[in-house]
Structure formats: C-alpha cells, structure tokens
Amino acid sequence: MEITREQLNERLSWSLDQKIDHTLVTIENALSYSDNNAYVSFSGGKDSTILLYLARIIKPDIKAVFFNTTNEFPEIYQFIKDSEGITTINPNTNLRKVIDKCGFPLVSKEQAQYIREVRSAKSQKAIDKRMNGWVNTKTGEQTTLGKISNKWQHLINAPFDVSEKCCFYLKKQPAIKFEKENKLLPIIGTSASESQMRLLKYYHTGCNAFNLKRPASYPLSIWNDTDKWNFIRENSIPYSGIYDKGKTQTGCMLCGFGCWKRDNFDFLKQNYPKHFEIGMSYKNNGVTYADAITFALEKQKCVGKKIFNYGQTAIPFPNE
Ligand code: SF4
C-alpha cells in the first residue's frame, strides 16, 4: 500500500492513543494475513518490548524470537533471560569471523554497502554512479542518492574492507531461515524515520509490507521516542537496564555504523573495557578494528575532539 508524505506526516502527528489503536489494528491484520502464523522479532530493546506487549494483548501465545548477534550488551542478554517465552536463535558465525571475512561495519549500512561495491566493481559505470551520483532519466536531474559521501571516499582506498554484510550474516540470514522453516511472518518493531532506507520503504508499503519478497509487519512505524517512553512508563512495562546506563539506542555493542556522530565506542570503552579491548583487536586484512576506526575518522577531525583515537598504529592515507 503506497503512502504519501502527507499521509505519513498526518500519522506522525497522531496522539499516542491513536497510534496504539493503529498498531493493534496493524498486528491484527498481520495475524489475519498470515492465518495466525506470525512471530514477534524481539531484540530486547524498548521498541520490541513495546511491540511484544501489544502483540500479546491480541495473541497471548504469539511466538517471540531473539536473533542473537553475539555482540549484544550484557543487560540485553539479562533482559532476554528475565523475559518470559523468548526463543533464542544463534547464527552459525560471529562478529569476529564476519569482520575477518567481509570487513568492518563502519559509517552506515548504505555507505558501507556502496564502498564495498566500488572496491569490487568491474564496470566503470558502476563506480561512477557510486562516486558521483547519477542522472534520473525521468526528470533529467542529477541525484546524489546512492553516492558515497565525499567525506567517506577515502575508505575506498583503505587497507581494509568495509562492509554491511555482518547484518546479513548475524541477523537477516538466521531470521529468513527461521521464517522459511517455520512458515512464520515477522512482526518487527522498527520505525519509519530510523533511516532513509526505512522511510522510502514505508512510502512504498505502509505498516504492513505484504507486497515485498520478504513480507513483514512494522506496527510501530509511526511511533517516536517520546511515544515509546510515555507508553512504557504509563503501563509500567519492564525494560532492559542498558537504558538506565545512558544508552538511548540498543543494538550491537561493537557496531561502527554512526561511529562519527554517536559515542558508541567511548561508552563501550568506559563501561565495558574488556568487551572494548577484545572488539578493538578484531582484524580484517591484518588491520585492527581500532586502527580502522581511527583511519575512518581521522579525516573528519574527530580524533582529539572525542576519544576516538583507539588505534595503536597510524595507517598512512592513500596518496599521502
Ligand atoms: S548492527 Fe552493526 S554490528 Fe550488528 S550485525 Fe548489523 S552491522 Fe553488524
């Protein structure tokens, strides 16, 4: 179902009660579409905690599944353990092995993918598109959608690989396998405004994306953070202790997506020094994660301003 920008803006302006009603109807539709064969993807974060709470109002015995990325915060693992009725699915690999094989998850999912594509591209056309953007043949306009941002182009010549693939190996592949084997539709707690990719997907599908190759339901698409915390507090819903340590977003401890704007690694170094030390020693092409982060961020003048300078060895920049 196509959604216009105006429709989305209207939904985003709804009251919390209206959003709750919309979410419950979305979950009901997902259950009806799947003949009651759906499950909640439960990460242990606040979004999926709310989602599971609401889904269990409609179907108390709905399956809840935690896909273990192998590098979640200890408070998330504890919360999963304390929550009732959660099935855990483990991947057949781990972050260290994926980094070794594919590269570091740096910058953002989209930019990491474009950098990986350019480094392995065979055609000049494909490289040009990622380096300079492309011309929209319908409008004749030059677009930078799909372009590697200028500030990250130095990563194309880095002495290590950058890749978005670890999300695939640690999250997506185990989820798709589980869904196929059990013939279950995923109900996922992400919001439309989380990333450009999710926003574009929302315009194309709305909250129930049944028209995709991997059909899924996204009942919290129109909630914002204030809605989520208000709902949790008003209903006294237990949540993971990681938020009380100051984290506003959960997810993998060692993820380098958003590394230039968030304090992920500083937070890790201060609060989980052992995990930090182990993670920073992961290698790709002989380069440690610490050195790769420093290499990525040095050009952004982040080193020195924050405590980002984790590398022991200075890697010379290409052509310098
Ligand atoms: S969130 Fe980051 S670290 Fe976690 S699986 Fe995805 S890319 Fe890898």
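Where a number appears in this text, it was derived from the coordinates with a stated rule and is not lab data. These numbers come from a predicted model, not from an experiment. Cβ atoms come from the backbone with ideal geometry, glycine included; neighbour counts cover every protein chain shown.
Label-point separation (nm) for LYS177 and MET197, each offset 7 Å from Cα along Cα-to-Cβ?
Reported label-point gap for LYS177 and MET197 is 2.1 nm.
Which FRET efficiency, nearest 0.05, do LYS283 and LEU145 yield, Cβ-Cβ r, R0 41 Å? Show your work: numbers first, answer last.
Working: r = 33 Å, r/R0 = 0.81.
Efficiency, from the Cβ-Cβ distance: 0.80.
Can you compute the helix-only [θ] at 222 nm over the chain? Use -39500 (n - 2.57) per DSSP H run of at least 4 residues, normalise by all residues, nearest 500 deg cm²/dmol. Could you put the intermediate results ahead of the total?
Details: 13 runs with 133 residues, N = 320.
It comes out at -12500 deg cm²/dmol, rounded to the nearest 500.
In terms of the Cα gyration tensor, with a ≥ b ≥ c the square roots of its eigenvalues, is the stretch 184-271 rounded because a/c is under 1.5, prolate because a/b exceeds b/c, or oblate? Don't skip to the answer; put the middle values down first.
Details: a/c = 2.25, a/b = 1.43, b/c = 1.57.
It is oblate, given that a/c is not under 1.5 and a/b is not larger than b/c.
Kindly flag which residue pairs out of LYS171/LYS213; LYS46/LYS81; LYS46/LYS97 have an alpha-carbon separation exceeding 20 Å in this structure.
Among LYS171/LYS213; LYS46/LYS81; LYS46/LYS97, the Cα-Cα distance tops 20 Å for LYS46/LYS97.
Convert each backbone phi in the stretch 192-205 into a coupling constant with the Karplus relation 6.51 cos²θ - 1.76 cosθ + 1.60 (shift: θ = phi - 60°), then list the ³J(HN,Hα) values in order as whole Hz, x for Gly and Pro.
Once θ is set to phi - 60°, the couplings for the stretch 192-205 become 5, 8, 5, 7, 4, 4, 5, 5, 4, 5, 5, 4, 7, 10 Hz.
Provide the FRET efficiency to the nearest 0.05 for the THR226-LYS101 pair, computing r from the beta carbons and using R0 = 51 Å. It would help to have the intermediate numbers written out before the result.
Working: r = 40 Å, r/R0 = 0.79.
The formula returns an efficiency of 0.80 here.
Counting pairs of alpha carbon atoms under 8 Å apart in space and at least six apart in sequence, what relative contact order in percent does the stretch 217-294 give?
Value for the stretch 217-294: 15 percent.
Filter the cross-link list LYS101/LYS201; LYS109/LYS129; LYS125/LYS147; LYS122/LYS201; LYS172/LYS228 down to pairs whose alpha-carbon distance in this structure exceeds 20 Å.
From the list (LYS101/LYS201; LYS109/LYS129; LYS125/LYS147; LYS122/LYS201; LYS172/LYS228), the Cα-Cα distance tops 20 Å for LYS101/LYS201; LYS122/LYS201; LYS172/LYS228.
Pulled fully out, how much extra length does the chain show between LEU212 and LYS122, if you take 0.36 nm times their separation in residues and subtract their Cα-Cα distance?
Difference between extended and current length: 29.5 nm.
Relative contact order of the chain, please, whole-number percent, based on alpha carbon pairs below 8 angstrom and at least 6 residues apart.
24 percent
So if we plug the beta-carbon distance of LYS261 and ASN37 into 1/(1 + (r/R0)^6) with R0 = 35 Å, what FRET efficiency do we get, rounded to 0.05?
The pair LYS261/ASN37 has a calculated efficiency of 0.30.
Select from the stretch 105-211 those trypsin sites (Lys or Arg not before Pro) which occupy a DSSP coil region and have at most 13 other Cβ atoms within 10 Å, ordered by residue number.
The qualifying sites are LYS122, LYS138, LYS183.
Counting only the backbone N, which residues of the stretch 145-167 are under 12 Å from the spot 7 Å out from the Cα of LYS109 toward its beta-carbon?
In the stretch 145-167, the label zone of LYS109 (backbone N under 12 Å from the point 7 Å along Cα→Cβ) covers 164-167.
Sequence-distant or interchain residues sharing an amide H contact under 5 Å with LEU185, placed H: which?
Close amide H contacts, sequence-distant or interchain: ALA38, TYR39.
List ILE127, ILE76, ILE57 from most exposed to least, where exposure is judged by having the fewest other Cβ atoms within 10 Å. Mind showing how you got there, number by number?
On the way: ILE127 16, ILE76 23, ILE57 11.
Taking fewest neighbouring Cβ atoms as first place, the list is ILE57, ILE127, ILE76.
How much net charge surrounds LYS171 when only the other residues with a Cβ under 13 Å from the Cβ of LYS171 are counted, with Lys and Arg +1 and Asp and Glu -1?
On the way: positive: LYS109, LYS165, LYS172, LYS177, ARG214; negative: GLU72, GLU164, GLU179.
Summing Lys/Arg as +1 and Asp/Glu as -1 gives +2.
Report the charge-dipole magnitude of the stretch 136-217 in Debye, nearest 20, computed about the Cα centre from +1 at each Lys and Arg Cβ and -1 at each Asp and Glu Cβ.
About 200 debye.
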